[in-house]
Amino acid sequence: GHSDQDCRGLAMANSLQGFLWTMLLLFCAIQELGAWAMHTSVEGPGLGQPEDPKLLASGRVKRGWVWNQFFVVEEYTGTEPLYVGKIHSDSDEGDGSIKYTISGEGAGTIFLIDEITGDIHATERLDREQKTFYTLRAQARDRQTDQLLEPESEFIIKVQDINDSEPRFLEGPYIGSVAELSPIGTSVMQVMASDADDPTYGSSARVVYSVLEGEQHFTVDSKTGVIRTAVADLDRETQDRYEVVIRATDMAGQLGGLSGSTTVTIVVTDVNDNPPRFPQKMYQFSIVETAPVGTAIGRVKAEDSDIGENTDMTYQVKDEEGVEMFKVTTDSNTQEAVITVQKPLDYESKKVHTVVLEALNKFVDPRFLDLGTFRDQTIVRVSVLDVDEPPEFRPPSDLMEVQEDAHIGSVVGVVTALDPDTANRPVRYAIDRSTDAERIFDIDANTGAIVTGKVLDRETAGWHNITVLAMEADDHSQVSRASLRIRILDVNDNPPELATPYEAAVCEDAKPGQLIQTISVVDRDEPQSGHRFYFTLAPEATNNHHFSLLDIKDNTAAVHTQRVGFNRQEQDVYLLPILVVDSGPPALSSTGTLTIRICGCDSSGAIQSCNSTAYVVSATLSPGALIALLVCILILVVLILLILTLKRHHKSHLTSEDDEDMRDNVIKYNDEGGGEQDTEAYDMSALRSLYDFSEIKGGDGGGIAGEGGLSGNPASELHSLPQWVQSPDLDFSVFRDYICRKVEQADEDLSVPPYDSFQTYAFEGSDSPVPSLSSINTWSSSSEQDFSYLGGWGPRFRQLAALYGARRGEEDADAS
């Protein structure tokens, strides 16, 4: 346990002075008393620890630990290690045979122990705000054998708190707001400070609040930190922001307590406590008299010390004259009053206008109505400036009337324009010809009288819209325009006419008095009293006994039959002239013709046909028979066309077979062949077409007689062709040129096969050293061979069989 000497040594080691160490000595005294009270001498392995079997086997007497709970003061600033306490075992006889050791948190670094005495010292400065206690274990060992003499026991070293941490405002910076003119005690905001000291030990963490700066306007609750207004006349317009310094002190505000402070910014918000005020009692503006409606004259603004929506205001004109002539609106961005022209101005009528303008707040706070009226008035003086204006038409009548039968030069009306300026200059008139391109009207340039320039016709154009120009005589740029409508009044100058070319039909078996047609008329005139027409048959129809005309007195007439039955074979159409007269004045008339056709009707009165031709046709041939006849004619035409098409196709097919391309045979002939018996390789008749036999018949050498020669008989010459003898007098230049031309064409055309064999086999040539092997080329004038078998070789050898067969027959005849 601790002794008085230990406490005195502790007090002497610490050089702290003042109140702090007085409290520390008091604490040591209390600790020592507690240590004596808690001292125990327990025989056993230790404080609640299980027995050590080795110690029991040796027969030694059980011993127990003797110590107290340890405390150490934080923030020790002495130069020597701070004494914490002593551990001691009952088995320690003071001979130094026991060695004391500790382990655990801070053992060997923060806390050191004297192995002999068991004294524990703290070598470092401790801070309770970082760590409040340390848990260690104590051992008592035999110095010689290093064996545990006592079971290991755990103990705690608590760090004793001192007031070393000042209160801190951790949620700053603080910004609050309060409305101006708020009553005393209005809550603004709450601040809160925290202290890191132990709140369960003493008053180190008990914080109180106070105002260091700004106490004239605000207070703070010492316990809760709630800031409130201290006055009721906070005025944002005077000061809109306050910086209040709040201090927090621990130790409940007692002497020696630590403190911290923070600055709180309090913004005073606006209320509508200020009315609008015009800086001037009168404003003056000027504007020209020709300014159009809607032109802005100027802007004025009433000032308001408030801000935000509390400065929103509206303006209005208070006097009657100003309301009529001017209009005022509010610019929502600048809160200015915009004054505009609402009615055309006239310098000659009034040169100066005085307007009373009022401004008032849009949002009024009823709490401050006792401060006065929230509106203000000012006077706006508007001066009208004179300008040179164009003439003005007076009176502004835009309608004139004239009869359509008015003569050219007749006066339609007079327009008048005056110069509104004080100079009252003379005026000249003209018509805008873009509105009267046909020059139907003219105007007197000096008097403004409008006269007709052409003959008028209401039925062609009943209205005319023209534009009249009025300008100053000496300045034509000062011009004004007036639209003028001229209505052409009607005169009865058009006779009535039948509404349409009427045609009616009546059955052959019609009865007398039967209504045939109702007649109506049209008249292009438009009399003011309305139309009234009269109907009668024309004089040329006085001998008419077939039809009658009845005037119905409602501007229509009805035509009826007067006889029993009609015969359309005798007369199928009747023309009935009708005379129509209007009511004038003057009364005009015209004659129209009603065409009446006599028709055949069925028993119910339905018309079937209305002319004699249709009647004859219908009696002889019905519509069904006509359709059948047309169908038959159509089928016949199709058959004829089909037959003609087939014939043309068959003819073209035969022509293509006869006109076989000889180039195919020539190509086939370009083979070695099988001799004279090989008759299927080519068509000999194609070779015959290569020679002009007429040249042989009519040539100079055609009549030479001799051995191997040709006779002068055309038949004998034709039949002797198989015994062909090349005559030196024959000219093959035509064939040669033809063949060479074909060869050149074939050589130039790369898309076709070559035809060189055509030249090779067309003729032998004049100087061939090799005689022909063909049986056709023979020097004999006669042949003993029988060519009758050629007739059985088919159509390809028909011509050859005819030649040889005929020749054989002639030779037999000559021989006989």
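Would you mind stating whether Ser483 is polar (S, T, N, Q), open to solvent by 50 Å² or more (accessible area, probe 1.4 Å) and assigned to a strand (DSSP E or B)?
Values: polar (S, T, N, Q): yes; open to solvent by 50 Å² or more (accessible area, probe 1.4 Å): yes; assigned to a strand (DSSP E or B): yes.
So Ser483 passes the test.
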Only one of Tyr174, Tyr209 is under 60 Å from the mean Cα position of the chain (by Cα), open to solvent by less than 60 Å² (accessible area, probe 1.4 Å) and within 30 Å of Thr238 (Cβ to Cβ). Can you tell me which? Tyr174
In the stretch 543-566, which residues are surrounded by fewer than 20 Cβ atoms within 10 Å (Cβ to Cβ) and of a type in the set (Gly, Ala, Ser)? Ser548, Ala558, Gly565
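Residues that are surrounded by 13 or more Cβ atoms within 10 Å (Cβ to Cβ), over 60 Å from the mean Cα position of the chain (by Cα) and under 30 Å from Ile466 (Cβ atoms): does the stretch 530-542 have at least one? Let's see the steps before the verdict.
Within the stretch 530-542, the subset surrounded by 13 or more Cβ atoms within 10 Å (Cβ to Cβ) is 531-538, 541.
Of the ones still in play, those that are also over 60 Å from the mean Cα position of the chain (by Cα) are 531-538, 541.
Cutting the leftovers down to under 30 Å from Ile466 (Cβ atoms) gives us none.
No.
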Could you please give the count of residues in the stretch 572-611 that are open to solvent by less than 20 Å² (accessible area, probe 1.4 Å), out of contact with any Asp or Glu (no Cβ under 9 Å at 6 or more places or on another chain) and not in a strand (DSSP E or B)? 1
When every residue in the stretch 449-472 that is of a type in the set (Gly, Ala, Ser) and farther than 20 Å from Pro426 by Cβ is compared, the one surrounded by the fewest Cβ atoms within 10 Å (Cβ to Cβ) is Ala461
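With Asp250, Asp240 as the choices, which residue is among the charged types (D, E, K, R), touching a residue at least 24 places away in the same chain (Cβ under 8 Å) and more than 17 Å from Arg168 (Cβ to Cβ)?
Numbers: Asp250 fails: more than 17 Å from Arg168 (Cβ to Cβ).
Residue meeting the stated conditions: Asp240.
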Name, by its number, the condition in (1) more than 60 Å from the chain's Cα centre (by Cα); (2) farther than 16 Å from Leu498 by Cβ that does not hold for Pro527. (1)
Which number in (1) closer than 30 Å to Ala423 by Cβ; (2) open to solvent by less than 30 Å² (accessible area, probe 1.4 Å); (3) assigned to a helix (DSSP H, G or I) marks the one condition that Asn310 misses? (1)
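Within the stretch 478-500, count every residue that is in contact (Cβ under 8 Å) with a residue 12 or more places away in the chain and among the hydroxyl-bearing types (Ser, Thr, Tyr). First the steps, then the outcome.
Step one: filter the stretch 478-500 for residues in contact (Cβ under 8 Å) with a residue 12 or more places away in the chain, giving 478-499.
Going one step further and asking which of them are among the hydroxyl-bearing types (Ser, Thr, Tyr), we end up with 480, 483.
Residues that pass the stated criteria total 2.
Provide a single number: the residues in the stretch 530-549 that are more than 30 Å from Gly462 (Cα to Cα), outside any strand (DSSP E or B) and either in contact with a helix residue (DSSP H, G or I) (Cβ under 7 Å, 6 or more places away or on another chain) or not hydrophobic (A, V, I, L, M, F, W, C) (or both). Break it down into steps so the answer makes sense when it comes.
Residues of the stretch 530-549 that are more than 30 Å from Gly462 (Cα to Cα), as a first pass: 536-549.
Of the ones still in play, those that are also outside any strand (DSSP E or B) are 538-546.
Imposing the further condition that a residue be either in contact with a helix residue (DSSP H, G or I) (Cβ under 7 Å, 6 or more places away or on another chain) or not hydrophobic (A, V, I, L, M, F, W, C) (or both) reduces the set to 539-540, 542-546.
Count: 7.
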Could you check the stretch 132-152 and list, in sequence order, the residues that are in contact with a strand residue (DSSP E or B) (Cβ under 6 Å, 6 or more places away or on another chain), buried (at least 19 other Cβ atoms within 10 Å of the Cβ) and either outside any strand (DSSP E or B) or among the hydrophobic types (A, V, I, L, M, F, W, C) (or both)? Leu136, Ala138, Ala140, Leu149, Glu150
Sole miss for Gln569 among (1) touching a helix residue (DSSP H, G or I) at 6+ places or on another chain (Cβ under 8 Å); (2) open to solvent by less than 60 Å² (accessible area, probe 1.4 Å) is condition (2)
Selection within the stretch 329-382 - touching a His at 6+ places or on another chain (Cβ under 8 Å) and either loosely packed, with under 14 Cβ neighbours inside 10 Å or acidic (Asp, Glu) (or both): Arg381
Positions within the stretch 243-269 being within 60 Å of the chain's Cα centre (by Cα) and open to solvent by 30 Å² or more (accessible area, probe 1.4 Å), in sequence order: Glu243, Thr263, Val267, Thr269
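Among the residues of the stretch 271-297, which ones are of a type in the set (Gly, Ala, Ser) and either part of a loop (DSSP other than H, G, I, E, B) or free of Cβ contacts under 8 Å to residues at least 60 places away in the same chain (or both)? First the steps, then the outcome.
Just the residues of the stretch 271-297 that are of a type in the set (Gly, Ala, Ser), to begin with: 286, 291, 294, 296.
Those that are of a type in the set (Gly, Ala, Ser) and either part of a loop (DSSP other than H, G, I, E, B) or free of Cβ contacts under 8 Å to residues at least 60 places away in the same chain (or both): Ala291, Gly294, Ala296.
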Looking at Asp235, Asp240, Asp319, which is the one that is modelled with pLDDT under 90 and either open to solvent by 50 Å² or more (accessible area, probe 1.4 Å) or out of contact with any Gly (no Cβ under 7 Å at 6 or more places or on another chain) (or both)? Asp319
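For the stretch 432-448, indicate whether the set of residues that are open to solvent by less than 40 Å² (accessible area, probe 1.4 Å), touching a residue at least 60 places away in the same chain (Cβ under 8 Å) and under 30 Å from Asp346 (Cα atoms) is non-empty.
First, the residues of the stretch 432-448 that are open to solvent by less than 40 Å² (accessible area, probe 1.4 Å): 432, 436, 440-441, 443, 448.
Subset that is touching a residue at least 60 places away in the same chain (Cβ under 8 Å): none.
No: the stretch 432-448 contains no residue that is open to solvent by less than 40 Å² (accessible area, probe 1.4 Å), touching a residue at least 60 places away in the same chain (Cβ under 8 Å) and under 30 Å from Asp346 (Cα atoms).
Mind checking which residues of the stretch 486-529 are acidic (Asp, Glu) and in a loop (DSSP other than H, G, I, E, B)?
Restricting attention to the stretch 486-529, the residues satisfying the condition of being acidic (Asp, Glu) are 490, 493, 497, 503, 508-509, 523, 525-526.
Answer for the stretch 486-529, where residues must be acidic (Asp, Glu) and in a loop (DSSP other than H, G, I, E, B): Asp490, Asp493, Glu508, Asp509, Asp523, Asp525, Glu526.
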In the stretch 71-109, anything crowded, with 18+ Cβ neighbours inside 10 Å, modelled with pLDDT of 85 or more and in a loop (DSSP other than H, G, I, E, B) is listed as Ile87, Gly106
Being under 15 Å from Val559 (Cα atoms) and touching a Cys at 6+ places or on another chain (Cβ under 8 Å) is the filter here, so list the residues in the stretch 493-546 that pass it. Ala505, Val506, Cys507
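Being closer than 30 Å to Leu357 by Cβ, surrounded by 14 or more Cβ atoms within 10 Å (Cβ to Cβ) and at pLDDT 90 or above: is that true of Asp386 here? Working first, answer last.
Values: closer than 30 Å to Leu357 by Cβ: yes; surrounded by 14 or more Cβ atoms within 10 Å (Cβ to Cβ): yes; at pLDDT 90 or above: no.
Taking the combined requirement at face value, the residue does not satisfy it.
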Give the residues of the stretch 110-131 that are open to solvent by 60 Å² or more (accessible area, probe 1.4 Å) and part of a loop (DSSP other than H, G, I, E, B), sorted by residue number. Asp114, Glu115, Ile116, Thr123, Glu124, Arg125, Gln130, Lys131
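The values are calculated or read from the model by the stated rules, or taken from the named source; none is laboratory data. Predicted, not measured: the structure shown is a model, and the values here were computed from it. A quick note on method: Cβ atoms are made from the backbone with ideal geometry, for glycine too, and the neighbour counts reach across all protein chains shown. Remember, those area values only see protein heavy atoms, side chains included, never the ligands or the DNA or RNA. Shrake-Rupley method; radii C 1.70, N 1.55, O 1.52, S 1.80 Å.
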